[in-house]
Amino acid sequence: MSFRQALIRAPVLKRQAPVAAFAAPRRFYAAAATAAAGGAPKPPSPNKKGPFSRAAKFLWRLTYGSALVGAGLVAYAIYEARHPVDQLPPDPSKKTLVVLGSGWGSVSLLKKLDTENYNVVVVSPRNFFLFTPLLPSCTTGTIELRSIMEPLRHILRHKKTSVAFYEAECTKIDYANRTLTVRDNSEVKGDIAETKLPFDYLVVGVGAQNTTFGIPGVAENACFLKEVGDAQKIRTRIMDCIETATFKDQTPEERKRLLHMVVVGGGPTGVEFAGELQDFFEEDLRKWVPEIASDFKVSLVEALPNVLPMFSKELINYTEKTLKEEKVNIHLKTMVKKVTEKTITAEVTKPDGSKQLVELPYGLLVWATGNMPRDVTRDLIKQIPEQAKARRGLEVNDYLVVNGTEGIWALGDCAATKYAPTAQVATQQGQYLARLFNTLAKTEALEQEINQLETLGHATTDAADKKSLATEIEAKAKLLRRSKRLMPFQYSHQGSLAYIGSDRAIADLTWGEGNTVASSGQLTYLFWRSAYVSMCFSTRNKMLVVFDWLKVKLFGRDVSRE
Ligand code: FAD
Ligand code: NAD
């Protein structure tokens, strides 16, 4: 026995258990390799290993190594997120860039913006970013709200130069005077609740509000699904309806009404919410409140002949079939006309084209019929003659500049473009504007340097100096020309995804030049989950969302009323 072998063997004898545990897979692979070769299993020989054994060993090491590297990267990301470095103070001589909103568009811009080039000020009534694609999951407690909220302070604190943030609503954009009126709408107010804020450049990213089309009773009686408070309200209301329905001596009709959950709008918001709600009923409510099982009903009301008009025909059919299997009642060609505290009146178009009014008693009404511009957006539209025809939002040019203005850009749901109002569009617009502002700053700096060099050139009489200055000016002018060549905004559609309930999702995926593929079912659901987790901005949120999913798998959803 060599000296090295003696050193290795000695502890083996002392620590039998752990070594045996590590040795087991090796013995298994070696035995399997022999069996695969057609011979009887022989004792493993350390020197003669088959290709299968070597491959298995390599795979094992690769997995082990990747897990270690992955854990290291996660640990580093967490450390970095929790330990921001000191920031540079803003430079008052720089231009003031005000960003309105803390949603998809504004936050994507802020993440990529070189803040040292401007005095950046952010104004938003909420001091967090909300990951809206997972908001429907929060209405039933599949995911907790805090898991999809990302503090804006975390994002801003990681910028190189500090950014001012005011938790306030912009109530007026005064274009002529280049000033904003901002109001603190929080419950706690100091001496000053409203003030003015001047800007050189302004980015409007205030999103949109829910549209009701002025249908009577909607604003007063319906729940919406856009903000954190909306999801909380729905979650409370679901349990409230259930507890009230099971109250002593409740009449059967009233019980049926209270347990009728109606979703108006068969767009992705309505479909995703209906799917989540039916899951909640099937997986949890039915078990913990069995007495409601026969009366609990989810209905989806849509004015058009089909749900999800933005998806391919194949996926629309799949969704409608799946929702029916899940026992969601789909009312197509049914346009809601009026809402009261307990009933919905809708007009149904029958197959022969005739119309009929129907009444649907409801306990919970969730209204998801799309967007309309916010008041502050509409007010700005009114101030600019070039926006006279704008209806859906601020009309912008190819560089996202608000038509008829100078130094004002709009992005996301508050801008009217040829694209659908989605997070995907808002994100790409935010990233584009960050590039635009970074380029603008570079261009301005180069122009200033060229001016200075030209002044020097005029002042000097020395021919050699003049020549070297001219060379330097030419080099900078070349850079300037290159940096001024910013392309107009171009949206690249990656596809559409939606959850439709019972662990199934649909996806219309796009790649290359217009190649598309439609996919649906449980594998697509896994893809949906991994895509959305990877899209969460921070490691913290990614982990919280995954923990929530695991928690619900293990313990089910919480049925307490908040
Ligand atoms: P928002 O994200 O709405 O942000 C607007 C910001 O402006 C907010 O921070 C708000 O507080 C702030 N604000 C409002 N008023 C003012 C004011 N007066 N002054 C200053 N700030 C103000 N899109 C997808 O692509 N995929 C999806 O899966 C998807 N799922 C969705 C699910 C739900 C339930 C909803 C409601 C939407 C979903 N969307 C999805 C659409 C997507 O959320 C929007 O298109 C996206 O949020 C638009 O981004 P935005 O920055 O324009 O607006
Ligand atoms: P939407 O505009 O996509 O759909 C609203 C639906 O409500 C329409 O189908 C419309 O016909 C219907 N409707 C309108 N008035 C009605 C009435 N009186 N009675 C019955 N039905 C009526 O709205 P949304 O689902 O809130 O989505 C808004 C935006 O957010 C869209 O651009 C959407 O693509 C995006 N979004 C995307 C996803 C996703 O990709 N998974 C999820 C949610 C939202």
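The values are calculated or read from the model by the stated rules, or taken from the named source; none is laboratory data. Just so we're clear, the structure is a prediction, and the values are computed from it rather than from any experiment. With ideal geometry, Cβ positions are generated from the backbone for all residues, glycine too; neighbour counts draw on all protein chains shown. Each accessible area value is taken on the protein alone, full model and side chains, heavy atoms only, with ligands, DNA and RNA left out. Shrake-Rupley method; radii C 1.70, N 1.55, O 1.52, S 1.80 Å.
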So how strong a dipole does segment 116-193 carry about its Cα centre when Lys and Arg Cβ are +1 and Asp and Glu Cβ are -1, to the nearest 20 debye?
220 debye
One would report the Cα pair-distance distribution of the chain, bin width 20 Å, in %, as 16, 41, 27, 13, 2, 0
Over the chain, the sum of -39500 (n - 2.57) across DSSP H runs of at least four, divided by residue number and rounded to 500 deg cm²/dmol, gives at 222 nm -14000 deg cm²/dmol
Taking a straight Cα-to-Cα line shorter than 29 Å from Lys333, and setting aside same-chain lysines fewer than 8 residues away, one finds Lys226, Lys233, Lys256, Lys297, Lys313, Lys321, Lys324, Lys342, Lys350, Lys355, Lys418
Please label the shape of segment 105-224 as rounded, prolate or oblate, based on the square roots a ≥ b ≥ c of the eigenvalues of the alpha-carbon gyration tensor (a/c under 1.5 means rounded; beyond that, a/b larger than b/c means prolate, else oblate).
oblate
Quick one: 3J(HN,Hα) in Hz for segment 419-426, Karplus 6.51/-1.76/1.60 with θ = phi - 60°, rounded, Gly and Pro as x.
9, 5, x, 10, 5, 4, 5, 4
Report, ordered by chain and residue number, the lysines lying within cross-link reach of Lys466, taken as a straight Cα distance under 16 Å and ignoring same-chain residues fewer than 8 apart.
Lys476
Proximal lysines to Lys542, defined as alpha-carbon separation beneath 18 angstrom and excluding residues fewer than eight positions away on the same chain
Lys111, Lys551, Lys553
Ordering of 286-295, 68-77 by packing [mean C-beta count within 10 Å, highest first]:
286-295, 68-77
From the phi angles alone, apply the Karplus equation (6.51, -1.76, 1.60; θ = phi - 60°) to segment 237-247 and give each ³J(HN,Hα) in whole Hz, x where the residue is Gly or Pro.
5, 4, 5, 4, 4, 5, 5, 5, 5, 9, 5
Of the convex hull enclosing the alpha-carbon atoms of segment 147-282, the direction-averaged projected area in nm² is 13.8 nm²
Pseudo-spin-label distance Lys327 to Asp465, built 7 Å along Cα→Cβ, given in nm, is 9.1 nm
Considering only protein heavy atoms and a 1.4 Å probe, what is the carbon-and-sulfur percentage of the accessible area of the chain?
57 percent
Just how much of Arg481 is accessible, in Å², when a 1.4 Å probe is used and the result is rounded to the nearest 10?
130 Å²
Accessible area of the chain divided out per residue, in Å², using a probe of 1.4 angstrom
55 Å²
Residue by residue, what Karplus-based ³J(HN,Hα) values in Hz, rounded to whole numbers, does segment 145-154 have, using 6.51, -1.76 and 1.60 with θ = phi - 60° and x for Gly and Pro?
4, 5, 6, 10, 9, 10, x, 5, 4, 4
